[in-house]
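Bear in mind these aren't lab numbers, they're just calculated from the coordinates by the rules spelled out. Since the model is a prediction, treat every value here as computed from it, not as a measurement. FYI the Cβ positions are ideal-geometry reconstructions off the backbone, even for glycines, and counts take in every protein chain you see.
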């Protein structure tokens with residue numbers, strides 16, 4: 001059974017297959033061509049952690065693919081009342097074709113996948129946010145940044161950047177971890193600037209360095225925001241206070257005060273650099289108003305691409321697993 005829990009579970013070729021599907025499906029959607037690749041399939045969407053973009057993009061995505069989505073919050077599930085994950089996973093997977101889980105602890109997601117008889121998709125965990133990274137990469141491709149030859153035909157752009165520099169500025173969290181996985185698998189340069197007490201998990205960093213030996217990726221981890229921004233093709237960040245970290249807010253505000261992406265930071269990047277943010281954004285904190293609303297900002301395109309990247313993954317998983325319900 002192939003699940004989608006982290007980008008590290010896939011080869012470069014497989015990740016590019018998902019991207020090619022996403023691009024093709026998006027083009028068909030734009031042209032008004034129906035895409036019933038998952039006709040009659042059902043996606044259960046388990047939300048232990050709430051979300052705007054994840055719910056809308058998955059529910060609309062499965063519908064546009066000809067299937068049906070079921071929203072399940074903690075209040076709808078026996079999981080929220082103490083049922084063990086093993087039983088919930090076994091029961092839910094016996095009735096649906098795929099399950100998306102958005103949760104807190106990554107270990108809960110892994111346990112859910114272990115006992116599921118259908119593919120489980122990571123909608124977000126405390127360790128990784130892989131779907132967001134595929135949407136980010138799709139946005140990079142559409143802006144001519146790191147476009148693989150196998151999907152060049154689907155992208156019209158005059159100046160293709162073959163070996164980009166991505167600068168991630170902020171918390172060494174699930175977004176930083178996912179950027180590490182994407183860069184190390186695909187083989188581009190990633191620079192992370194995180195405060196000293198907020199560096200990414202060292203076990204995940206070790207995996208990225210090992211992957212980079214094969215892919216040719218270059219990975220730099222520092223606390224120097226200026227150095228990572230220089231000549232970067234992509235500047236990206238995330239909120240300083242994620243859901244569940246509210247008690248740490250005052251301390252985090254102090255620790256991250258020098259890690260705002262503003263017009264000065266963007267001026268250090270390549271003149272055609274784009275700005276990305278997974279959203280929700282706190283304007284005036286991790287990013288200034290002039291950057292997030294500026295011409296280099298691609299946050300709406302990026303958020304919209306969650307829809308199409310996720311459709312590509314769901315179709316890919318369907319092909320890999322030949323999904324049938326009991």
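Rounded to the nearest 10 degrees, the inclination of helix 53-64 to the longest alpha-carbon principal axis of the chain is 50 degrees. Treating r as the C-beta distance of residue 74 and residue 301 and R0 as 25 Å, the FRET efficiency rounds to 0.20. Could you work out the relative contact order of the chain, using alpha carbon pairs under 8 angstrom and six or more residues apart, expressed as a whole percent? Computed over the chain, the figure is 20 percent.
Neighbour counts of other C-beta atoms within 10 Å: give me 177, 106, 29 arranged from fewest to most.
The fewest-first ordering by Cβ neighbours comes to 29, 106, 177.
Residue exposure proxy: 311, 114, ordered by other Cβ atoms within 10 angstrom of their Cβ from fewest to most, comes out as 114, 311.
Counting helices only, and only those DSSP H runs with n ≥ 4, report the 222 nm mean residue ellipticity of the chain as the sum of -39,500 (n - 2.57) divided by its residues, in deg cm²/dmol to the nearest 500. -12500 deg cm²/dmol, from helical runs alone. Normalised by the number of residues in the stretch 107-234, the mean separation of alpha-carbon contacts (under 8 Å, six or more apart) gives a relative contact order of 23 percent. Among beta bridges identified by DSSP and lying wholly in the stretch 144-297, the antiparallel ones come to about 0 percent. Per-residue extension of 0.36 nm, minus the Cα-Cα distance of residue 230 and residue 90, leaves a gain of 45.4 nm for this segment.
The stretch between residue 322 and residue 12 holds 109.4 nm of extra length on full extension. This uses 0.36 nm per residue minus the Cα-Cα distance.
By other beta-carbon atoms within 10 Å, ranking 237, 52, 222 with the fewest at the front produces 52, 222, 237. Within the listed set 87, 262, 203, the Gaussian network model of the chain (springs between alpha-carbon atoms below 10 Å) gives the highest mean-square fluctuation for 203. The alpha carbon centroids of the stretch 27-42 and the stretch 70-133 are separated by 25 Å. Residues of the stretch 93-119 falling in the label zone of residue 1, defined by backbone nitrogen less than 18 Å from a point 7 Å along Cα to beta-carbon, are 93-103, 106-119.
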